[in-house]
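Notes to accompany the following structure.
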């Protein structure tokens with residue numbers, strides 16, 4: 001994380017030297033004509049003691065005939081000239097006022113309590129807002145929420161009419177009840193009389209991707225790309241690295257991509273800024289409530305010669321609007337634009353109201369325009385990419401889309417009873433994952449597609465790529481997806497990356513959750529925050545990118561394994577014993593040394609819907625009863641035959657069982673142990 | 001830092017842990033000619049096995065690793081349901 005760095009700049013308008021840290025500026029005034037008389041200016045009169053902040057302000061206003069500036073300079077904040085009694089150089093000990101001002105930086109985040117004690121009245125402003133007025137004589141307090149590292153402009157004013165004279169400003173930081181004068185304890189509050197200016201900070205983006213704990217995020221690769229559509233080389237999205245680099249996530253799924261950003265800005269038209277003038281160069285028509293917009297006309301004589309009117313993209317119109325505008329049209333005299341806003345302008349309360357004329361249907365604006373170039377960062381995209389060496393999508397899909405998912409899908413779809421509808425076991429994201437044909441509906445087309453995938457008759461997606469199965473969803477959307485809104489969520493489909501915009505002077509920490517198309521039982525997806533998935537798969541194999549996991553345990557069932565060699569074959573026998581668990585789905589994965597043996601066939605005693613699918617070096621096999629009408633309570637035997645490519649004296653390790661999954665009707669996984 | 005690989009031993013059960021490679025021969029001695037089993041477990045589940053009738057004394061078998069998952073696995077020699085020897089093998 002980048003830290004804010006501050007460069008202290010001299011204010012050129014001040015005539016005295018400024019020391020910076022620990023100091024505040026001050027001005028002291030003779031008030032009440034120096035003899036106690038009241039003063040009247042512009043119809044307002046101040047007299048002896050200030051009754052409120054307005055009267056106090058008037059006493060220190062040199063426009064008042066009774067007030068004049070006598071001294072100005074700097075003092076240590078933690079001194080008698082500062083806030084230890086508020087008395088810097090001054091003309092006398094009666095009929096005077098003092099103005100202190102500077103900047104403080106909170107060193108803690110939280111509530112600071114400030115106190116003012118004065119004789120006579122005093123007041124405190126922070127960032128221009130009056131926080132506290134204390135009439136003579138006593139102490140008042142105010143709590144102010146401050147953010148660590150942030151600078152605040154602060155001012156105090158106080159006045160002395162006669163008698164005792166003092167002003168004390170103290171604060172108590174969030175971490176203690178002790179009080180300090182500004183400048184007394186820099187570990188809680190820093191003070192300076194030189195305006196702090198932030199060093200420009202480049203955008204920073206630190207992604208947080210949440211995966212299922214079974215996953216190994218540091219095996220997942222991504223690239224960072226930028227929108228190059230405005231460049232001449234043709235491609236819309238280019239890798240920000242000239243070497244087309246890709247990167248791995250950190251093990252916790254996070255990645256700070258700040259170093260991979262393209263910070264070269266591009267032109268984005270012009271911005272117009274207005275100041276008060278003498279000629280009505282601008283008109284704003286009455287608000288269009290139907291389209292929620294204003295039409296703004298700008299006299300063409302205000303534009304520089306050769307200006308392309310469609311280039312004007314932003315407008316700062318007095319204090320009424322500072323933002324985007326949309327080109328409408330232009331004619332011989334006027335260039336017209338729209339300002340789209342849900343909120344109507346308050347012309348009468350504008351500080352520029354004297355430059356605005358209500359002309360019954362439009363407002364005439366005595367505004368002078370200036371124009372400047374607008375530059376913006378290019379749009380960026382983080383895209384997860386296929387890393388063949390570490391991520392085999394076909395294997396991964398077979399790992400997370402299993403008989404448990406298919407049973408869960410059928411159970412959910414048929415569970416609504418004769419009235420239809422869904423059973424209600426699955427959450428919104430699980431149903432999105434179950435919409436495997438991505439047509440926006442979860443129906444029997446999806447369940448049969450899942451069944452065909454399980455049986456090896458159809459691929460889950462056209463291409464077996466990361467980009468065809470991954471669903472990267474903003475965390476808030478993921479957690480907020482329900483069975484009611486899942487169809488209308490913006491990221492309901494496949495999405496293997498995220499688009500993001502760079503924001504100047506900003507540290508972004510976008511949060512996403514990553515799920516996968518077809519992962520209906522959430523075996524490889526993170527749970528929604530505050531909920532738990534209805535079903536969860538057993539992960540028994542040590543697949544690439546998938547960790548072994550302790551699994552949801554129900555009842556454990558031992559499956560017998562036998563491997564024997566005949567003259568022509570190796571026969572693997574898997575035997576599920578008689579049981580009363582109502583198992584309606586089974587799936588095993590048998591890996592084999594495809595250079596020494598080849599898959600031949602399978603024989604089974606199961607009367608369920610059986611399947612066997614051959615991949616390059618493994619087969620998946622098993623049984624399923626999609627409607628749950630049949631089960632494996634009577635036990636079942638699978639005999640898998642492999643042909644020998646050569647003669648063997650030993651067969652140890654030629655074939656192994658790397659996955660075993662048994663599932664009951666509601667999709668719950670029964671833990672199985674191969675013996 | 002250079003990590004030294006685990007040595008490969010012919011008498012595999014004489015070591016508590018050893019790295020194995022595809023097609024590696026390994027030997028062990030038995031004291032009966034009854035049917036024996038070599039089994040490999042990943043955790044508590046058996047992933048592969050071989051049944052054989054040994055010769056008295058020294059026996060040599062071959063271990064194929066291409067179908068096995070990478071990492072640490074447990075290799076055991078079983079006779080009459082009794083585990084008579086065991087070791088850990090590492091597959092990289």
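The values are calculated or read from the model by the stated rules, or taken from the named source; none is laboratory data. Computed from a predicted model, the values in this text were never measured in an experiment. Ideal geometry is used to build each Cβ from the backbone, glycine not excepted, and the neighbour counts take in all protein chains shown.
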Listed by first then second residue, the pairs whose first member lies in segment A:374-398 and is farther than 26 Å from residue A:456 by Cβ, whose partner is part of a helix (DSSP H, G or I) and modelled with pLDDT under 90, with beta carbons under 6 Å and at least 6 positions apart or on separate chains, are A:384/A:466
Do we have residue A:574 as touching a strand residue (DSSP E or B) at 6+ places or on another chain (Cβ under 7 Å), assigned to a loop (DSSP other than H, G, I, E, B) and crowded, with 17+ Cβ neighbours inside 10 Å here?
no
Please work out which residue is nearest to residue B:50 (Cα to Cα), limiting yourself to segment A:552-606 and to residues that are more than 9 Å from chain B (Cβ to nearest Cβ) and without any contact (Cβ under 8 Å) to a residue 40 or more places away in the chain.
A:566
Looking at A:97, A:162, can you tell me which residue is within 17 Å of residue A:60 (Cα to Cα), modelled with pLDDT of 95 or more and more than 46 Å from the chain's Cα centre (by Cα)?
A:97
Checked pairs for segment A:291-302, first outside the structural domain of residue A:362 (by TED's automatic domain parsing), second buried (at least 18 other Cβ atoms within 10 Å of the Cβ), C-beta under 9 Å and 6 or more apart or across chains, list as none
Across segment A:248-271, what is the total count of residues that are buried (at least 17 other Cβ atoms within 10 Å of the Cβ) and either closer than 21 Å to residue A:210 by Cβ or out of contact with any strand residue (DSSP E or B) (no Cβ under 7 Å at 6 or more places or on another chain) (or both)?
6
What residue, among those in segment A:339-349 that are assigned to a loop (DSSP other than H, G, I, E, B) and out of contact with any helix residue (DSSP H, G or I) (no Cβ under 7 Å at 6 or more places or on another chain), is surrounded by the most Cβ atoms within 10 Å (Cβ to Cβ)?
A:345
In this structure, is residue A:68 more than 30 Å from residue A:105 (Cα to Cα) and either without any contact (Cβ under 8 Å) to a residue 12 or more places away in the chain or loosely packed, with under 13 Cβ neighbours inside 10 Å (or both)?
no
Has segment A:199-216 got at least one residue that is out of contact with any strand residue (DSSP E or B) (no Cβ under 6 Å at 6 or more places or on another chain), surrounded by 18 or more Cβ atoms within 10 Å (Cβ to Cβ) and closer than 30 Å to residue A:111 by Cα?
yes
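Conditions (1) crowded, with 17+ Cβ neighbours inside 10 Å; (2) modelled with pLDDT of 95 or more; (3) in contact with a helix residue (DSSP H, G or I) (Cβ under 8 Å, 6 or more places away or on another chain); (4) closer than 30 Å to residue A:467 by Cβ, marked per residue:
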| residue | (1), (2), (3), (4) |
| --- | --- |
| A:351 | no, no, no, no |
| A:363 | yes, yes, no, no |
| A:369 | yes, yes, yes, no |
| A:389 | no, no, no, yes |
| A:400 | yes, no, no, yes |
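Here is a yes/no grid of residues against (1) in a strand (DSSP E or B); (2) modelled with pLDDT under 95:
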| residue | (1), (2) |
| --- | --- |
| A:269 | yes, yes |
| A:276 | yes, yes |
| A:298 | yes, no |
| A:310 | no, no |
| A:328 | yes, no |
| A:337 | yes, no |
Identify the single condition in (1) more than 11 Å from chain B (Cβ to nearest Cβ); (2) under 13 Å from residue A:583 (Cα atoms); (3) surrounded by fewer than 18 Cβ atoms within 10 Å (Cβ to Cβ) that residue A:647 does not satisfy, given that it satisfies every other one.
(2)
Do we find that residue A:666 is out of contact with any helix residue (DSSP H, G or I) (no Cβ under 9 Å at 6 or more places or on another chain) and either assigned to a strand (DSSP E or B) or away from every other protein chain (no Cβ under 14 Å) (or both) in this structure?
no
By residue number, the members of segment A:18-52 that are in contact with a strand residue (DSSP E or B) (Cβ under 6 Å, 6 or more places away or on another chain) and free of Cβ contacts under 8 Å to residues at least 24 places away in the same chain are A:46
Give the residues of segment A:287-311 that are surrounded by 14 or more Cβ atoms within 10 Å (Cβ to Cβ) and under 23 Å from residue A:357 (Cβ atoms), sorted by residue number.
A:287, A:293, A:294, A:295, A:296, A:297, A:298, A:299, A:300, A:302, A:303
Residue A:501 is checked against (1) modelled with pLDDT of 95 or more; (2) surrounded by fewer than 17 Cβ atoms within 10 Å (Cβ to Cβ); (3) under 21 Å from residue A:208 (Cβ atoms) and fails just one. What number does that condition carry?
(1)
Do we find a residue being touching a helix residue (DSSP H, G or I) at 6+ places or on another chain (Cβ under 9 Å), buried (at least 20 other Cβ atoms within 10 Å of the Cβ) and outside the structural domain of residue A:78 (by TED's automatic domain parsing) anywhere in segment A:154-168?
no
Name every residue in segment A:312-326 that is part of a strand (DSSP E or B) and within 21 Å of residue A:357 (Cβ to Cβ), in order of residue number.
A:315, A:316, A:317, A:321
Given (1) within 44 Å of the chain's Cα centre (by Cα); (2) surrounded by 18 or more Cβ atoms within 10 Å (Cβ to Cβ); (3) within 14 Å of another protein chain (Cβ to nearest Cβ), identify the lone condition not met by residue A:674.
(1)
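Yes or no, residue by residue, for (1) touching a residue at least 60 places away in the same chain (Cβ under 8 Å); (2) under 23 Å from residue B:40 (Cα atoms); (3) away from chain B (no Cβ under 14 Å):
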site	(1), (2), (3)
A:608	no, no, yes
A:612	yes, no, yes
A:622	yes, yes, yes
A:628	yes, no, yes
A:636	yes, no, yes
A:640	yes, yes, no
A:657	yes, yes, no
